[in-house]
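Enquirer: Below is a structure I'd like to ask you about.
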Amino acid sequence: MRDVEDRPPAEHELVFRARRGDAEAFGALVDCFAAVAFRTAYLVLGDAAEAEDATQEGFVKAHGAMSRFREGEPFRPWVLRIVANTARNRRRSAGRRVALGLRVQAAATAATHAASAEAQVVREERRRALLDAIGGLPEDQRLAIAGRYFLDLSEAEIAAVAGVAPGTVKSRLSRGRARLARVLGERQEWLDD
């Protein structure tokens with residue numbers, strides 16, 4: 001049995017301490033959310049190096065804004081919104097619109113279920129078609145779809161990140177799924193994979 005003092009502090013405790021200037025607590029929060037923050041920035045920018053810079057800049061901004069963080073609110077949507085806004089600002093200031101190239105990690109295949117070369121080619125074609133279709137969505141729908149299905153964010157978290165009402169996220173998800181179904185045609189089952 002672990003001693004109570006060996007337990008990692010809960011998020012609300014880390015936020016409490018970080019709001020009072022505890023750099024170690026803020027560092028622990030960064031460690032907890034760095035990966036999802038990077039993926040969020042990557043969704044906006046489509047470039048890993050730019051996303052890394054935007055993520056770091058976003059965390060710096062979040063650190064400076066900790067005193068304005070509303071106690072009792074979840075930290076993840078708040079920090080992801082800062083990172084997403086930072087990434088959007090970086091994209092705007094560069095004056096470019098980057099096509100999003102989402103990377104979906106291929107599912108690991110168990111040794112006992114090794115796929116044939118043909119099945120791998122078909123799977124890659126399906127993946128590429130799906131990513132191309134997602135990349136062709138309008139930005140608001142693309143971010144909603146990617147946030148829900150690639151970042152595993154709830155609708156409330158997507159709303160907080162995007163700065164919109166939860167109902168707006170629902171409609172963006174619905175319109176995005178409908179557009180993907182039209183683009184993918186008969187291959188609509190791909191959305192379920």
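The values are calculated or read from the model by the stated rules, or taken from the named source; none is laboratory data. What you see is a predicted model, and the numbers here were worked out from it, not measured in a lab. A quick note on method: Cβ atoms are made from the backbone with ideal geometry, for glycine too, and the neighbour counts reach across all protein chains shown. Side chains included, ligands, DNA and RNA excluded: accessible areas come from the protein's heavy atoms. Shrake-Rupley method; radii C 1.70, N 1.55, O 1.52, S 1.80 Å.
Enquirer: Based on what the data block shows, is Glu139 at pLDDT 80 or above and either acidic (Asp, Glu) or within 24 Å of Gly176 (Cα to Cα) (or both)? If you could, list the steps in order and put the result at the bottom.
Expert: On the way: at pLDDT 80 or above: yes; either acidic (Asp, Glu) or within 24 Å of Gly176 (Cα to Cα) (or both): yes.
Considered against the rule, which asks whether it is at pLDDT 80 or above and either acidic (Asp, Glu) or within 24 Å of Gly176 (Cα to Cα) (or both), Glu139 comes out as yes.
Enquirer: So, one more: Filtering the stretch 53-87 down to residues that are charged (D, E, K, R) and surrounded by 17 or more Cβ atoms within 10 Å (Cβ to Cβ), which residue is farthest from Gly21 (Cα to Cα)?
Expert: So the residue we want is Arg81.
Enquirer: Which of the residues spanning the stretch 43-75 are among the polar types (S, T, N, Q) and under 17 Å from the mean Cα position of the chain (by Cα)? Spell out the reasoning first.
Expert: The initial filter retains those residues of the stretch 43-75 that are among the polar types (S, T, N, Q), namely 55-56, 67.
Thr55, Gln56, listed by residue number.
Enquirer: For the stretch 20-29, does any single residue satisfy the condition of being more than 23 Å from Ala165 (Cβ to Cβ), of a type in the set (Lys, Arg) and open to solvent by less than 70 Å² (accessible area, probe 1.4 Å)?
Expert: Within the stretch 20-29, none of the residues are more than 23 Å from Ala165 (Cβ to Cβ), of a type in the set (Lys, Arg) and open to solvent by less than 70 Å² (accessible area, probe 1.4 Å).
Enquirer: Further question: Among the numbered criteria (1) at pLDDT 65 or above; (2) within 25 Å of Arg128 (Cβ to Cβ); (3) surrounded by fewer than 18 Cβ atoms within 10 Å (Cβ to Cβ), which single criterion is violated by Asp47?
Expert: Status for Asp47: all satisfied but (3).
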